[in-house]
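Here is the structure we will look at.
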Amino acid sequence: MSTLQRLFKQTFIYGLATVLPRMLNFFLVPLYTSPGVLNSVAEYGTVSVIFSWFVIFNVILAYGMETAFFRFFNKEKDQDVVVGTSTISLAISSFVFFGLALIFQNQIAYITEIKVEYIKLVIWILLLDALVIIPFAWLRANEKSMTYAIIKIVNVVINLGLNLFFLLGLKDWSYHLGFLDTICKEDYQINYIFIANLVASAVTLLLLLSFYIKVKYQFNASLWKRMMRYAFPVLISGIAFSVNETFDRILLSKILPENIADTQVGMYSACYKLALFMTLFATAYRLGIEPFFFSHANTKNPQKSYAKILEFFVTIGSLILLGVIVFADLLKVIVIQSEDYWQAMSVVPIILLAYLFLGMYHNLSVWYKITDRTKFGAYISIFGAIVTLVLNFWLIPIISYVGSAIATLAAYSSMVMLSYYFGRKYYPIPYNIKKISAYISISVTFSIISFYFFRENYVVGIGLLSVFMLIIYKFEKEDIQSLLKR
């Protein structure tokens, strides 16, 4: 139980680093969807598409080096060489990308159908974000989780504060304070959103500059080649993941008729945000378990701990799934300010379940990471991406964004099944499949009853949630009591 307790502590702190910033970031959704802030639902769709491209290019610029860093930091005797080699590699590649992107910014704008003025801001943000990858990884590897959390929170506080200033305060303040006239422009809302992001990223890099001052700049070519061999499949996996996670918005904007595409993307993206609670939990959990997996790989019988970790995730994740669905119509009023977006609420249960499966996949992926079979991660992710693309192209013309949600669920669930299948062959872990399946089945069944048959009937919804909590307590009583005592 001490192992689980330690992981719980790490997950809580990384949850602080992830949940609090994203909860602050969460306020951007009601800000952007408030009447009069953006000119239309379509403008929010445009912002969503640009952020989708962000995710893809962030993965490309990281090219799996973060995961390789964790693996070799725990594997190699000389950790300073690992830090130096990975830092130099990412710094050089980031500046090369920056230079090329500025040279070809017009071509990029043409291909992505995004205005050049937005592309320029995006290029700068991508550079700054790439330069903090290894510093943040170093903090996680050295279990400096509170420093990690504070810097992440500062980033989003600045981002949120500047968004509020630019979108709500600037126009009025410029009327009273003449010197603000120079930055107050009409129909400049999308630019302001990315300028806020740019400033936040710049401050984050400044806070991590001490890492670049202290690091020993040693580059080991042999080590770098081994790290790249390890990282390349992770890069392929990451690109495939980004396709699964964000490419649906890009495809919606391309496949749907031009006169409705951005509006449909805006509605879908806003309601998609209600799955944030599951995303936050899955992300915080992944940040906690990734260093844990590597550091415990050589301990006695780590498979038992890995099995328990997945049970813990599914238990809490299933509870979050049901809880969000029961209160979805209350949350939409708080999070999505305009009724113009609510038409897409039908995707919420589907996306929540999809992200529960994604979190399970992150847990199951331990077998190929610690056995250095990262190519399997690439194969599985590519399969998921193919499922995403095929179903999106097939379903979007028929049922629009609902097809995208179904494609996401199909991709992540198929990845879970493939990872479990290959994991049993190469690194057997004694997962309690009966218990895991039971929790998911009960949660999904209760969710269907609540959302499709007794929607906004909170007597029934809270009753189902209470029954599920009692079931969990009955079967997890000892672990819950032990955790609370510790």
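The values are calculated or read from the model by the stated rules, or taken from the named source; none is laboratory data. Just so we're clear, the structure is a prediction, and the values are computed from it rather than from any experiment. Cβ sites come from the backbone with ideal geometry, for glycine too, and all protein chains shown count toward neighbours. Quick note on the areas: whole protein, heavy atoms, side chains included, nothing else; ligands and nucleic acids left out. Shrake-Rupley method; radii C 1.70, N 1.55, O 1.52, S 1.80 Å.
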Exclusive hit being of a type outside the set (Asp, Glu), over 22 Å from Ile195 (Cβ atoms) and touching a residue at least 60 places away in the same chain (Cβ under 8 Å), set Val81, Val132, Val122, Val96: Val81
Residues that are more than 30 Å from Asn163 (Cβ to Cβ) and modelled with pLDDT of 85 or more: find the helices (runs of 4 or more DSSP H) completely inside segment 201-285 holding 3 or more of those. 221-255
Does Ser174 meet the test of being of a type in the set (Ser, Thr, Tyr), surrounded by fewer than 20 Cβ atoms within 10 Å (Cβ to Cβ) and at pLDDT below 85? yes
Does Tyr401 meet the test of being under 30 Å from Leu31 (Cα atoms), touching a residue at least 24 places away in the same chain (Cβ under 8 Å) and among the aromatic types (Phe, Trp, Tyr)? yes
State all residues of segment 199-231 that are buried (at least 16 other Cβ atoms within 10 Å of the Cβ) and among the hydroxyl-bearing types (Ser, Thr, Tyr); if no residue qualifies, say none. Ser201, Thr204, Tyr230
I need a count of the residues in segment 363-375 that are among the hydroxyl-bearing types (Ser, Thr, Tyr) and either over 19 Å from Leu310 (Cβ atoms) or assigned to a helix (DSSP H, G or I) (or both). 2
Would you check if there is a residue in segment 144-156 being part of a helix (DSSP H, G or I) and more than 24 Å from the chain's Cα centre (by Cα)? no
Can you pull out the residues in segment 232-269 that are among the small types (Gly, Ala, Ser), under 17 Å from Tyr341 (Cα atoms) and open to solvent by 10 Å² or more (accessible area, probe 1.4 Å)? Ser253
Test each condition in (1) surrounded by 13 or more Cβ atoms within 10 Å (Cβ to Cβ); (2) farther than 19 Å from Leu310 by Cα for Ser413 and report the one that comes out false. (2)
Among residues belonging to segment 29-43 that are under 16 Å from Leu168 (Cβ atoms) and among the hydroxyl-bearing types (Ser, Thr, Tyr), point out the one that is surrounded by the fewest Cβ atoms within 10 Å (Cβ to Cβ). Ser34
Options Phe98, Phe73; residue that is touching a Phe, Trp or Tyr at 6+ places or on another chain (Cβ under 9 Å) and either closer than 13 Å to Trp224 by Cα or of a type in the set (D, E, K, R) (or both): Phe73
Can you tell me which residue within segment 98-111, out of those that are among the aromatic types (Phe, Trp, Tyr) and more than 25 Å from the chain's Cα centre (by Cα), is most open to solvent (accessible area, probe 1.4 Å)? Tyr110
Taking the conditions exactly as written (among the hydroxyl-bearing types (Ser, Thr, Tyr), closer than 20 Å to Phe51 by Cβ and out of contact with any His (no Cβ under 9 Å at 6 or more places or on another chain)), does Tyr148 satisfy them or not? no
Report the residue count in segment 51-97 for those that are surrounded by 21 or more Cβ atoms within 10 Å (Cβ to Cβ) and aliphatic (A, V, I, L, M). 7
Per the filter on segment 68-111, residues within 30 Å of Glu43 (Cβ to Cβ) and either aromatic (Phe, Trp, Tyr) or part of a loop (DSSP other than H, G, I, E, B) (or both) are Phe97, Phe98, Phe104, Tyr110
So, in segment 316-326, exactly how many residues are surrounded by 19 or more Cβ atoms within 10 Å (Cβ to Cβ) and touching a residue at least 60 places away in the same chain (Cβ under 8 Å)? 6
Among the candidates Ala378, Ala438, which residue alone is of a type in the set (A, V, I, L, M, F, W, C), at pLDDT below 90, farther than 30 Å from Ile260 by Cβ and assigned to a helix (DSSP H, G or I)? Ala378
Give segment 355-383 a look and list any residue that's more than 30 Å from Pro35 (Cα to Cα) and under 16 Å from the mean Cα position of the chain (by Cα), or say none. Leu356, Phe357, Leu358, Gly359, Met360, Tyr361, His362, Asn363, Ser381
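Every residue, every condition in (1) more than 13 Å from Thr204 (Cβ to Cβ); (2) open to solvent by 30 Å² or more (accessible area, probe 1.4 Å); (3) of a type in the set (A, V, I, L, M, F, W, C), yes or no:
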position	(1), (2), (3)
Tyr118	yes, no, no
Asp129	no, yes, no
Ala137	yes, no, yes
Glu143	yes, yes, no
Met146	yes, yes, yes
Val154	no, yes, yes
Asn159	no, no, no
Being under 25 Å from Tyr268 (Cα atoms), part of a loop (DSSP other than H, G, I, E, B) and either among the small types (Gly, Ala, Ser) or more than 19 Å from the chain's Cα centre (by Cα) (or both) is true for just one of Ile119, Ile114. Which residue is that? Ile114
